[in-house]
C-alpha cells in the first residue's frame with residue numbers, strides 16, 4: 001500500500017474519546033445526523049471538552065510529515081476548532097461539513113472534502129474507530145482507502161486497513 005496524499009479523520013471516538021459521554025447523547029447525535037433532511041447539529045457543551053485519545057496528538061503530528069491530515073467529522077466547525085485547540089491537535093485543515101449541509105456517511109460528505117482539496121479518490125484515506133457507522137463502507141464504495149482503529153486488528157475486514165491506534169497507522173505507513 002502506498003502512502004495516501006490525504007488522510008481524513010473522523011473525530012468522535014477516533015481522535016477524541018466518547019468514553020464519558022452518556023449513551024443517550026450519542027444516540028441523539030446519531031439520530032440527528034441520520035435524518036432525511038439536513039439541519040444544523042447542536043451538541044451538548046460538554047462535547048467541546050472531549051479529551052483526545054492518548055498519543056493522538058503526537059501521531060497526527062507525525063502523519064502530517066507523510067500526508068495532508070484533515071478532519072472529516074460531522075461536528076460543527078466551532079466544536080472541531082475547540083477540540084483541536086484544547087487538545088493541541090494540529091491538522092492541515094478542519095473541514096466544515098455543515099457548510100455543505102451534509103453529514104457522513106452520505107457519500108457527498110467525503111466527496112466535498114476531496115473536491116475541496118483537489119485530491120483523487122484513490123489518493124485519500126478515511127480513518128475511523130466506528131466500525132458500524134458507515135465511514136468504512138462509504139469510503140470503500142468511493143475508492144477511498146478505509147482504515148479502522150480497533151482493539152482487534154487481526155480480525156480480517158475485507159479491504160479495510162486495521163490498526164490499534166493512530167500511532168500504529170503512522171508506523172504502518174512508514175514501512
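Just so it is clear, none of the values below were taken in a lab; they were calculated from the coordinates. Remember, it's a predicted structure, so these values are computed and weren't measured experimentally. Counting neighbours? That spans all protein chains shown, and the Cβs are built from the backbone with ideal geometry, glycine included.
Tabulated data
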| item | result |
| --- | --- |
| Residue satisfying condition, being farther than 23 Å from residue 19 by Cβ and touching a residue at least 40 places away in the same chain (Cβ under 8 Å), within set 173, 169 | 173 |
| Residue match in region 5-23 (condition: part of a helix (DSSP H, G or I), out of contact with any strand residue (DSSP E or B) (no Cβ under 6 Å at 6 or more places or on another chain) and exposed (fewer than 13 other Cβ atoms within 10 Å of the Cβ)) | yes |
| Whichever residue in region 43-58 is touching a residue at least 24 places away in the same chain (Cβ under 8 Å) and under 15 Å from residue 79 (Cα atoms) and, among such residues, is surrounded by the most Cβ atoms within 10 Å (Cβ to Cβ) | 50 |
| Matching residues in region 1-34 - criterion: being without any contact (Cβ under 8 Å) to a residue 24 or more places away in the chain and within 23 Å of residue 123 (Cα to Cα) | 2 |
| Residue list for region 67-79, filter: in contact (Cβ under 8 Å) with a residue 40 or more places away in the chain and over 13 Å from residue 8 (Cα atoms) | 75 |
| Filter result (under 22 Å from residue 82 (Cα atoms) and over 18 Å from the mean Cα position of the chain (by Cα)) within region 1-20 | 20 |
| Complete set of residues in region 41-60 that are part of a helix (DSSP H, G or I) and in contact with a strand residue (DSSP E or B) (Cβ under 9 Å, 6 or more places away or on another chain) | 47, 56, 60 |
| Scan of region 33-58 for residues that are closer than 15 Å to residue 98 by Cα and within 18 Å of the chain's Cα centre (by Cα), ordered by number | 33, 34, 41, 43 |
